Amino acid sequence: MNQSPILQRHIHILLVDDHPLVRDGLRARLETIPHFAVVAEAGNADEALRHATAEHIDLALMDINLNGANGIELTGRFNTLHPEIAVLMLSMHDKAEYVMQAIQAGARGYVLKDAPATDIIAAIDTVMSGGIYYSAGLTKQLAKPAQPATLLTRREREVLHYIATGKSNKHIAREMDLSVRTVETHRLNIKRKLGIEGQADLIRFALEHAPIK
C-alpha cells in the first residue's frame, strides 16, 4: 500500500511542554517513527514562538499548562502568526470547554496525555493529512454538536466574511494586512474544520453564516 504524499517526507515537530522529562519521553517515542523528526523543544510561549520563526516546523505538539501564556492562548498566537504550522493539543484536561477553546484558537486536534502513544502517532498523521483528531476518551464530552461557526477562530471568521462578499485572496490579504499564502491557509483551515470540499460549498456556507462586520 502506498503512503500518502504527506507521509513520504519527514514531519518536523516542535514539542511545547514546561516539563523537560515529558519532552524527553515524547521525543524518545516520536523519534522511533521514521517520518517524524523532533526539530525543537520549548518550555514556554516565548521559546515556542522563537522556534516557530527560526525553524521549519510542520506541527507543534502543545500542552495547555505552560509558564506565562497557556497553550490555548499560544495556539491562537500561532494561528495568527504562523497559520502554516498545525497545532495538536496534548493535555491532561478532558473537559469539553478546554477542547472547544483549543479548537476555536486554531488547534487541529486534541489528545489526552493518558492516551496510548499510538494515539499520539495516529493524531499527528491524521492532522498532517488534513484531518482533525480527538482522543477516544473525549467522545462523550463532544457528543453535543457545536454550531459550525464556533469552530472557527476570529481570523477565520473575518476571512469567511470577505469570502461571502466575493473578495479574492489578494483582496482579502490587502484588507487584513496578511500575505496571500496566509489567507490561502486560513481558507484551507476553514474548509477542513467544517468538512467542506469544494469552493462553491465554501462560498455557500460563507453567505449563510458569515458574521456581519
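Each reported figure results from applying straightforward, stated rules to the coordinates on display, with no laboratory input. These figures come from a predicted structure and were not determined experimentally. Here the Cβ is made from the backbone with ideal geometry for all residues, glycine too, and neighbour counts use every protein chain on show.
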Within segment 10-39, find all residues whose amide N lies under 19 Å from a label point positioned 7 Å from the Cα of Asn65 along Cα-to-beta-carbon. 15-27
Once the Cα atoms of helix 180-194 and of the chain are each reduced to a long axis, what angle between those two axes, in degrees from 0 to 90 to the nearest 10, is obtained? 80 degrees
Give the long-range amide H neighbours of Asn44: residues separated by 5 or more places, or on another chain, with amide H under 5 Å away, using H modelled in the peptide plane at 1.01 Å from N. none
Would you work out which of Phe205, Val159, Thr185 lies farthest towards the positive end of the dipole of segment 148-208, given +1 charges on the beta-carbon of Lys and Arg and -1 on that of Asp and Glu, about the Cα centre? Thr185
Segment 148-208, dipole about Cα centre (Lys/Arg Cβ +1, Asp/Glu Cβ -1), debye to the nearest 20: 120 debye
As I understand it, the dipole of the chain uses +1 on the Cβ of Lys and Arg and -1 on the Cβ of Asp and Glu, about the Cα centre. Which of Ala117, Gly195, Asn70 lies farthest toward its positive end? Gly195
Using a Förster radius of 35 Å, what is the FRET efficiency between Glu84 and Ala28 based on their Cβ-Cβ separation? Nearest 0.05, please. 0.80
Past the 32 Å Cα-Cα mark, which pairs from Lys95/Lys167; Lys170/Lys193; Lys113/Lys193; Lys95/Lys191? Lys95/Lys167
So, with points 7 Å from each Cα along the Cβ direction, the Ala37-Ala96 label distance in nm works out to 4.1 nm
Calculate the radius of gyration of the Cα atoms of segment 148-208 to one decimal place, then report Dmax, the largest Cα-Cα distance, as a whole number, both in Å. 10.4, 27
Between Asp46 and Met176, what FRET efficiency comes out of the Förster formula 1/(1 + (r/R0)^6) with R0 = 30 Å and r the beta carbon distance, rounded to 0.05? 0.75
Once you sort the root eigenvalues of the Cα gyration tensor of segment 5-138 as a ≥ b ≥ c, which label holds: rounded (a/c under 1.5), prolate (a/b larger than b/c) or oblate (the other case)? rounded
